[in-house]
Amino acid sequence: MKILHTSFECHPIAKVGGLADVVGSLPKYQSNFDVESFVVMPFYENSYLKKKKIVEIKKGAIDLNGISYQYVVYKFKPKDISYSVYLIQIKDLLDTENVYGYINETQRYIGFQKAVLDWIKSEDLTFDVIHCHDHHTSLIPFFIKHCSEYKCLENTPTVLTIHNAQYQGQFAHDSLNLLPQFDFNNVGLLDWYGSVNPLAAGIKCATKVNTVSPSYMEELKKNAAGLEGLLSSESDKFHGILNGIDTAVWNPETDGSISKNYRVGNVISGKKANKTALCKKYGLDPELPLFGFIGRLVYEKSADLLADVIRETLLKTKELNIFVLGSGNEEIEAQILELKEEFKEHFNAYIGYDEELSHLIYAGADFLLMPSRVEPCGLNQMYSLRYGTIPIVRRTGGLKDTVVDIGDGGFGICHNQATIWDISYSIGRAIELFKDQKSFRKIQKQIMKIDNSWDKSAKEYVDLYKSI
């Protein structure tokens, strides 16, 4: 079986969030089930690709509202990726350094999808399933089914994975001329509440749709940023498949980004060494419990509450340290930076993203804060478990599916609401758990044994492919 994954992100080539980790890992694990997976993504002018040897395999052209754009397809299979990656380069459209954040996003997404299908069609390539990830590639099912230009592909099944339904890629109807020619009687498949909505179109036209956790699938029926009715009407084609993690990359026994490697048998000394290294670098006391936050500083992650939580907690007690790694909303970033001056001995932060630092935090922290308002699956809590770091989470989406509270016989600390009180109270519970070193160490060893690898999830995806 041959599967083509279409995505705007793929780790380690280009990463903004969890989408990149999923697309970077899932194809590798699918190979264990007699599946040959490929990834096609944009060619970015980033530092990673500048150092790699890539091979040009195809040139072509696409039209966007009367303007012709030349595209080049490159093939790429480096040592750190076990499957082939195809890169689409479109001058003046996709030749950017960053993945997102440009004023011509709609043109970029549509241009990429048209180039992918033009390449497949012109080279007469055959895939058993085209797997589309998020709204950036969710027009492909519509193009295949309803655009005459790609009629030769209309029998190719498609799977759409919704990683985050908050982002839907909407644009105005006056940009419909960017799309390939189609029968205007089918325009309703593109429309949702007066806009062209790529995610909604993908849900309507894909053969199967899945979310990245079972709980997130249920939550979307009640809160899907306006798509609730559509999800209910299309519920027969929906599946909830929990993401996994790449246990080869996220492995404290072999991780080259941490100060000392460790396993379950020496987790105490291993985590102590990493905690000491992290605390020494950022001026914190390694004897105190260390709480980490890793993620985008945005509303969905409840990052707007972080500064107040940290201030309230540290004014109440100095029995802990907190470290934040992330970037996002400028106002939230400024609030976090103010705290660095206010609580020098107990708080520090790195504004931005540093992959190596994130590994060191997972290895060195005692607790990980994930008070998300929205968390379709979440990978950070699974990374923390792998490294013996106890997650503190809000019961939502994939967090609800992967973390069980210690009060319910589990191994994490959970709360129900995204409020300052709930988060602060959970931090207090964690401090008390840390004081009970016997119970704390027992849980550390327990969570390192939890299997959140891709093996089970990859098989579920393969079964989904086979069903269509």
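Below is a table of values for the structure above.
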| quantity | calculated |
| --- | --- |
| Helix 306-316 axis, angle to the chain major axis (alpha carbon atoms, nearest 10°) | 0 degrees |
| Relative contact order (%) - the stretch 264-451, alpha-carbon pairs under 8 angstrom, separation at least six | 22 percent |
| Neighbour-count ranking [beta-carbon atoms within 10 angstrom, fewest first] of 384, 426 | 426, 384 |
| Around residue 390: net Lys/Arg minus Asp/Glu count, Cβ-Cβ under 13 Å | +2 |
| Between helix 355-364 and the chain: long-axis angle, C-alpha atoms, 0 to 90°, nearest 10 | 40 degrees |
| Table column - 3J(HN,Hα) (Hz), the stretch 404-416, Karplus curve with 6.51, -1.76, 1.60, x for Gly and Pro | 10, 5, 4, x, 9, x, x, 9, x, 10, 10, 9, 9 |
| Burial ordering of 304, 191, 436, fewest other beta-carbon atoms within 10 Å first | 436, 191, 304 |
| Helix axis angle, 454-467 relative to the chain longest principal axis, alpha carbon, degrees | 20 degrees |
| Contact order relative to length of the stretch 81-198, as percent, for alpha carbon pairs under 8 angstrom and 6 or more apart | 23 percent |
| Stokes-Einstein D for the stretch 384-463, Kirkwood Rh over Cα pairs, 4 °C, 1.567 mPa s (µm²/s) | 95 µm²/s |
| Packing-based exposure ordering (other Cβ within 10 Å, fewest first) of 58, 344 | 344, 58 |
| Percentage, to the nearest whole number, of Cα pairs in the stretch 1-93 over 20 Å apart | 37 percent |
| Reachable lysines from residue 51, criterion Cα separation under 23 angstrom, eight or more residues apart if same chain | 15, 28, 59, 75, 77, 79, 91 |
| Value of Rg to Rh for the stretch 264-451 (Rh from inverse mean 1/r over Cα pairs, i.e. Kirkwood) | 0.92 |
| Length added when fully stretched, residue 221-residue 442, from 0.36 nm per residue minus Cα-Cα | 75.7 nm |
| Global size of the stretch 4-54 as Cα Rg and Dmax, reported in angstrom | 11.5, 34 |
| Principal axis box of the stretch 206-252, alpha-carbon based, largest edge first, Å | 44, 23, 13 |
| Inter-part distance where the stretch 231-293 and the stretch 11-78 are each reduced to a Cα centre, Å | 27 Å |
| Residue-averaged [θ]222 nm for the chain, counting only DSSP H segments that reach four residues, each worth -39500 (n - 2.57) | -10500 deg cm²/dmol |
| Mean separation of Cα contacts under 8 Å, 6 or more apart, over the residue count of the chain: relative contact order % | 12 percent |
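Values quoted throughout were computed directly from the atomic coordinates according to the rules given, and no laboratory measurement underlies them. Bear in mind that the values here come from a model prediction, so they are computed numbers and not experimental data. Virtual Cβ from ideal backbone geometry, glycine too; neighbours counted across all protein chains shown.
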